[in-house]
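Laboratory data are not the source of any read-out in this text; all were calculated from the coordinates shown. This is a predicted model, so every value here is computed, not measured. Methodologically, a virtual Cβ is constructed for each residue, glycine included, from the backbone with ideal geometry; neighbour enumeration extends over all protein chains shown.
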Amino acid sequence: MIRIVKCFICLSFFLTLNVYAESGYKKGTVEYVRIHDAQIYPDWEPPLFWFTLNEVTSAGSCQTWDGNVLFVINGEAAYSMILASQMSGKEVSIRYDDSIVKNAFCIAGHITTGDPAPLH
């Protein structure tokens with residue numbers, strides 16, 4: 001009986017060590033976009049920027065800002081796409097993986113535009 005209890009305790013310990021990442025897609029209209037001054041915030045040197053999507057309040061364990069998930073991406077082309085989508089009011093679809101972060105926030109793996117933006 002003691003052997004069974006020890007096995008159960010060991011199994012419970014190893015199961016609690018497993019952390020499962022979540023990845024997927026979210027879509028919405030662009031709510032906020034922010035770039036930073038590299039002199040003040042060197043960890044956020046452009047073309048690195050972040051954005052949020054309206055009503056996207058969760059994406060795995062990705063952190064939120066002002067109630068919506070904050071996504072980070074790097075690149076002038078991505079910045080142009082996000083700004084154009086924000087100005088036009090069209091939705092975008094982004095791919096995320098909550099195990100891939102920059103400055104503690106989830107990185108958007110790619111951005112897709114469309115009418116409507118596909119979730120794949």
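For the reader, a short list of remarks on this structure follows.
- Interchain or long-range residues, amide H under 5 Å from C106's placed H: Q63, V72
- Put simply, the C-alpha atoms of segment 21-113 give a gyration tensor, and the ellipsoid matching it has half-axes of 18, 17, 12 Å, longest first.
- Legend: calculated FRET efficiency, E55 to I100, from the Cβ-Cβ distance at R0 = 35 Å, rounded to 0.05, equals 0.95.
- D43-H110 FRET efficiency (beta carbon distance; Förster radius 25 Å; 0.05 resolution): 0.65
- Note on S58, S93, S23: ascending count of other Cβ atoms within 10 Å places them as S58, S23, S93, the fewest first.
- Under 12 Å from the Cα of K90 - aspartates and glutamates, other chains or at least 8 residues apart: E31, D115
- Burial ordering of I107, I35, fewest other beta-carbon atoms within 10 Å first: I35, I107
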